[in-house]
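A short worksheet on the structure shown next.
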Amino acid sequence: MKKITILDLQKMKDNGEKITMLTAYDYPTARILDESGVDILLIGDSVGNVMMGFDNTLPVTVDDIIYHTKAVAKARKKALVVADMPFMSYQVSIEEAKINAGRMIQEGGAEAVKLEGGENMEAVIRALSDIDIPVMGHIGLTPQSIHRMGGYKIQGKEERQRQKLLADARAVERAGAFSLVLEAIPADLAQEITSSLQIPTIGIGAGIHCDGQVLVIHDVLGLSGSFRPKFVKQYVQLEPLIKKAVTAFISEVKEEKFPTTAHSF
Ligand code: KIV
């Protein structure tokens, strides 16, 4: 099994081969996703919503991301491991951004970091790239900007926003990022950005024309309760299966059907 690097992702774009990315936050899930052949494992700051039950990603800390990155990196054999830089870990100063991104690589075992922002983050992306920390950009609906955006809304519908997102995408590439996440933007805008950049784009709610696609693993597996945005495709519903297994365990214990002699010494 060949290890994926950022160079392979560029080759995939150049050859027209689609890139796959899924979030992972723990060892067993990361092992299964890696063995299934996904190209990138993202320790997203969505860990805040998905694993910690917060309403948004803002409370997630650098230590939270490092903790989960360690578990994912331990399981990974093939995929590229990308750690998300949480809110306020790169916005205050370039120095802090370098220290925090460095910790994610050195302590967490990530091979790259992701951060949200376009022109406003050009200097940060350049500073990290210059010290050989590969950066994945993220524009469009950027969940860390929820209070400015006034909620989770599709971005780039109006012409002025569209032009701004095109400028943001160019700034991210110019700064040295190796790829760019496009979240919740119209498919034709994602197509325009994708064809105007050399680096690969990875879409979530951004249509078919991106160079790759990313989803949150709990959404894919049907473990997100009633939360189901339009762009999510649920490939299996694990929640009823888990409930069935757990209720069977409970009744067998109550009825003294488990353990049997087969499970006893
Ligand atoms: O935090 C996350 O999971 C993400 C992806 C949805 C791109 O940023």
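The values are calculated or read from the model by the stated rules, or taken from the named source; none is laboratory data. On a predicted model such as this, the values are computed, not experimentally measured, just so you know. FYI the Cβ positions are ideal-geometry reconstructions off the backbone, even for glycines, and counts take in every protein chain you see. Heavy atoms of the whole protein, side chains included, go into the accessibility calculation; ligands, DNA and RNA do not. Shrake-Rupley method; radii C 1.70, N 1.55, O 1.52, S 1.80 Å.
If the reach is capped at under 15 angstrom between alpha carbons, list the aspartates and glutamates near LYS18, excluding any in the same chain fewer than eight residues apart. Qualifying aspartates and glutamates at Cα under 15 Å: ASP8, ASP39, ASP211.
Ordering of 36-43, 81-88, 126-133, 161-168 by packing is 81-88, 36-43, 161-168, 126-133, highest average first (other Cβ atoms within 10 Å, averaged per residue). Taken one residue at a time, the phi angles of region 82-97 give Karplus couplings (6.51, -1.76, 1.60, θ = phi - 60°) of 10, 9, 7, 7, x, 3, 6, 9, 9, 8, 6, 7, 5, 4, 5, 4 Hz. Gly and Pro are set to x.
Evaluate the charge dipole of the chain about its Cα centre and quote only its size in Debye, nearest 20, assuming +1 on the Cβ of each Lys and Arg and -1 on the Cβ of each Asp and Glu. Walk me through the numbers on the way to the answer.
Working: 30 positive and 34 negative charges, 98 e Å.
Charge dipole of the chain: 460 debye, to the nearest 20.
Considering only DSSP beta bridges with both partners in the chain, what is the antiparallel share in %, to the nearest 5? Antiparallel bridges: around 5 percent, rounded to the nearest 5. For region 25-83, the Cα-based Rg and Dmax, in that order, read 11.2, 32 Å. Counting only protein heavy atoms and a 1.4 Å probe, region 8-161 has 45 square angstrom of accessible area per residue.
Ellipsoid fit via the Cα gyration tensor, region 147-215: semi-axes of 18, 14, 12 Å, each the root of five times an eigenvalue, largest first. At what distance in angstrom do the alpha carbon centres of region 5-50 and region 182-211 lie from each other? The distance from the Cα centre of region 5-50 to that of region 182-211 comes to 17 Å. I need the calculated FRET efficiency for the pair ARG170 and ASP14, taking r as the beta carbon distance and R₀ as 22 Å, to the nearest 0.05. Given R0 = 22 Å and the Cβ-Cβ separation, E is 0.70. Across region 57-74, rounded Karplus estimates of 3J(HN,Hα) from the backbone phi angles (6.51 cos²θ - 1.76 cosθ + 1.60, θ = phi - 60°) give 8, 4, x, 5, 10, 4, 5, 4, 5, 5, 4, 6, 5, 4, 5, 5, 4, 5 Hz, Gly and Pro being marked x.
So, counting K/R as plus one and D/E as minus one, what does the shell of residues with Cβ under 14 Å around ASN120 add up to? Around ASN120, the surrounding residues sum to +1.
Counted over all Cα-Cα pairs of region 149-265, pairs farther apart than 17 Å make up 66 percent. Multiplying each eigenvalue of the alpha-carbon gyration tensor of region 3-157 by 5 and taking the square root yields semi-axes of 22, 18, 17 Å, largest first, rounded to whole angstroms.
Distance cut-off 32 Å, Cα to Cα: go down the list LYS3/LYS164; LYS114/LYS157; LYS13/LYS244; LYS114/LYS233; LYS78/LYS164 and report the pairs above it.
Too far apart for the 32 Å limit: LYS3/LYS164; LYS13/LYS244; LYS78/LYS164.
Computed 3J(HN,Hα) for region 240-256, one whole-Hz value per residue from the Karplus formula 6.51 cos²θ - 1.76 cosθ + 1.60 where θ = phi - 60°, is x, 5, 5, 4, 5, 5, 5, 5, 5, 4, 4, 5, 5, 5, 4, 8, 6, glycine and proline marked x.
Comparing ILE217, ASN49, SER89 along the charge dipole axis of the chain, the residue lying farthest to the positive side is ILE217, per the Cβ-charge model.
Counting only protein heavy atoms, what percent of the accessible surface of the chain is carbon or sulfur at a 1.4 Å probe? Carbon-and-sulfur percentage of accessible area, whole number: 57.
In this structure, the amide hydrogen of ALA175, modeled 1.01 Å from its nitrogen in the peptide plane, lies closer than 5 angstrom to no residue at least 5 positions away or on a different chain.
A cut-off of 5 Å between modelled amide H atoms, ignoring neighbours fewer than 5 places along the same chain, links GLY205 with ALA184.
Comparing LEU165, SER129, ALA184 along the charge dipole axis of the chain, the residue lying farthest to the positive side is ALA184, per the Cβ-charge model.
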